[in-house]
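Since the structure comes first, as C-alpha cells, the remarks are kept for the end.
The values are calculated or read from the model by the stated rules, or taken from the named source; none is laboratory data. Since we're looking at a predicted model, the values are computed, not measured. So basically every Cβ, Gly included, is an ideal-geometry build from the backbone, and we count neighbours across all protein chains shown.
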Amino acid sequence: MSVLLVGVSHRTAEVPVLERVAVSAEDTRKVLDDLLTGEHVTEAMLVSTCNRVEIYAVVETFHGGLTEVSSVLARHAHAEVSDLTDHLYVHYAGSAVEHLFSVAAGLDSMVVGEAQILGQLRASYNEARELGSAGKVLHELAQQALRVGKRAHTETGIDAAGASVVSEVLADAEDALGGPGSLAGRRALVVGAGSMGALSAAHLRRGGVDDLVLANRSEENAERLAVALRGEGATARAAGLDALPAEIAAADVVVACTGAIGTVIGEDAVRRALAGRAPTAAPLVVCDLGLPRDVDPRVAALPGVTVVDLAALGERLRSASAGIAVEQARTVVAEEVRAYFAAQRTAEVTPTVTALRRRAAEVVDAELLRLAGRLPDLDDRSRDEVAQTVRRVVDKLLHTPTVQVKRLAQAPGGDTYAEALRELFELDPQTPAVLAATETTRVEPGERVDQALAVDPHEADHRGGGRR
C-alpha cells in the first residue's frame, strides 16, 4: 500500500474552482466516509484550508485509488471528474510524502512560510483520527510532517516575518486606507469567531484598531473571543449576524472569515450600510477570507468600497521571490524525505531479520535436542556450556549480515537484499518486505486524470524515478 494525494490549490485553480471543491466542517465526515467505502482506499485524511483542498489516501493500487478519490472529490463538488481535470494535481508514494512535507514547511502556501498551515494540518489529522479514517500509515506520516514543518520553521527562519494570509490581506487593507499604520484608531468588524477570526482580531488589535466588533452565527462564541481580547486590553464586543448592516455602517474595515457555505455579507446589506454612513466617513474596506466567498462579489462594484479577497491576494503574491530561507527549507524537506524512506525501508526489512533469527534458533534447538539423545550421560553443566557456545557462534555468524541488511535496506532498492535473504534461507517473514513507498509518481496539473490512470507507477520508476 502507498499514499496517494489528489488535490487542488491556489497554484492550480482560481477562487471559483476552489469554492466549488471546498469542504465545510459539516461535510468532512461524509467525504471521509465516502472515501473509505471504496474498494481501494484503506485510510484517508482531508486537508481543507482557505487556499487548498487535498485528500491523502492510503490505497491498494494507484489506478484504483486515483479513480475512487477523484470521483469522491468530483461528486462532492457536484461536478464530473473531467470538469476538474485541469485543476487537479496528483502525487503518489514518495512524491506524496515530499508534497506533504513541503506543505507543512510552508513552501506551498499562498504566503510562503506561513506558520498557520501547521495548525491546519494538525487539525486535519486530529479530525481524521477522531473519525477513524486515519490508521497507522497516515498517523506516522502526519506526525512526521508536523515535525518536519516545525523543524523548517525553527531552523530556517522561513516565517521570520510572521506573514500569513491574514497579515497580507490586512496589509492591503492598510494600503487602501492610506498606507502603513492607517489601521490605528479605526473601527473594525470581524465576521466569524473561528481560528481565522481570532487571528484576524489579533492582527487588527496589534494594528491599533480602537473598536473591535466580533459577529458570529453563534453570538456566544463571539462573546468568548471578545472576552479573551478584552483580557488582553482590547476594546471588543460581540454581535449577532442580524446586526451586520448596522455594524458595517459603523466600521472602517470588515474582515469576513466564517467558513460557511454561501454568502454571509450580501450586496443589499452593504448598500444599506453605506446609506447609513456619515458623508465624511473613510472608504469602507471589506476583506473576504472565506472559501467559499463570504462576501457577494457585487459588493466590489459599490461606490466607496474596496474589496480585498483571496483572488486579489493570490495575484499579488504570485510573483513573490524566494529567499535564502526558502532554499534552506527545501533542503530540510529533502533531507527529511530521505530519512523518512530510509526508516520505512529499515522497518520493512525487520520481519525478514526476525525470521532469519527465528530459523537459526529453531536449528540450534533441534541440534541440541539431538545432542541430548546421543549423549544422555552429559552432565547439566557441560550441556549448558555446549548450548551457550553454539548459540554464541550462531549469533556471531548472524550479527554482520543482519546489521548489513538493515543498513543496505535504507538505500533505494535496498529491499532486494532482504528478498535475497528470504530466498537463500527459505524464510517466511509473514509481513512481505516490499516497500511500495519507494515508487514515485507525480501527475502534473493540467495532465488529464485519464492519462494518469494510463500510467503504471512501477514503469514510471524504471523510466527514471517517476513522472516529473
Within region 103-147, the residues that are among the hydroxyl-bearing types (Ser, Thr, Tyr) and without any contact (Cβ under 8 Å) to a residue 60 or more places away in the chain are 109
Could you say whether any residue in region 39-47 is out of contact with any Phe, Trp or Tyr (no Cβ under 9 Å at 6 or more places or on another chain), of a type in the set (Ser, Thr, Tyr) and surrounded by 24 or more Cβ atoms within 10 Å (Cβ to Cβ)?
-> no
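Residues are listed down the side, and each one gets a yes or a no for (1) more than 18 Å from residue 308 (Cα to Cα); (2) within 33 Å of the chain's Cα centre (by Cα):
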{"residue": "216", "(1), (2)": "yes, yes"}
{"residue": "221", "(1), (2)": "yes, yes"}
{"residue": "225", "(1), (2)": "yes, yes"}
{"residue": "234", "(1), (2)": "yes, no"}
{"residue": "239", "(1), (2)": "yes, no"}
{"residue": "245", "(1), (2)": "yes, no"}
{"residue": "248", "(1), (2)": "no, no"}
{"residue": "257", "(1), (2)": "no, yes"}
{"residue": "266", "(1), (2)": "no, yes"}
What are the residues in region 32-68 that are among the β-branched types (Val, Ile, Thr) and over 16 Å from the mean Cα position of the chain (by Cα), if any?
-> 37, 41, 42, 59, 61, 67
Among the candidates 325, 329, 360, single out the residue that is assigned by TED's automatic domain parsing to the domain that holds residue 392 and in contact with a helix residue (DSSP H, G or I) (Cβ under 8 Å, 6 or more places away or on another chain).
-> 360
Could you tell me whether any residue of region 69-76 is within 30 Å of residue 152 (Cβ to Cβ) and among the hydrophobic types (A, V, I, L, M, F, W, C)?
-> yes
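Any chance region 295-311 includes a residue that's surrounded by 15 or more Cβ atoms within 10 Å (Cβ to Cβ), part of a loop (DSSP other than H, G, I, E, B) and outside the structural domain of residue 99 (by TED's automatic domain parsing)?
Within region 295-311, the subset surrounded by 15 or more Cβ atoms within 10 Å (Cβ to Cβ) is 295-297, 299-300, 302, 305-311.
Going one step further and asking which of them are part of a loop (DSSP other than H, G, I, E, B), we end up with 296, 302.
Filter once more, so that each one left must be outside the structural domain of residue 99 (by TED's automatic domain parsing): 296, 302.
Yes, there is a match, as at least one residue in region 295-311 is surrounded by 15 or more Cβ atoms within 10 Å (Cβ to Cβ), part of a loop (DSSP other than H, G, I, E, B) and outside the structural domain of residue 99 (by TED's automatic domain parsing).
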Among 56, 92, the single one that is crowded, with 21+ Cβ neighbours inside 10 Å, within 25 Å of residue 331 (Cα to Cα) and either touching a Pro at 6+ places or on another chain (Cβ under 7 Å) or not assigned by TED's automatic domain parsing to the domain that holds residue 17 (or both) is 92
Show the residue pairs that are 6+ apart or on different chains and have beta-carbon atoms under 8 Å apart, the first residue being within region 193-210 and free of Cβ contacts under 8 Å to residues at least 60 places away in the same chain, the second being among the acidic types (Asp, Glu) and surrounded by 15 or more Cβ atoms within 10 Å (Cβ to Cβ).
-> 207/174
The residue from 78, 40, 63 that alone is within 16 Å of residue 292 (Cα to Cα) and not hydrophobic (A, V, I, L, M, F, W, C) is 78
So which helices (runs of 4 or more DSSP H) stay within region 11-113 end to end and still have 1 or more residues that are modelled with pLDDT of 90 or more, of a type outside the set (S, T, N, Q) and within 21 Å of residue 131 (Cβ to Cβ)?
-> 15-21, 25-36, 62-76, 94-104
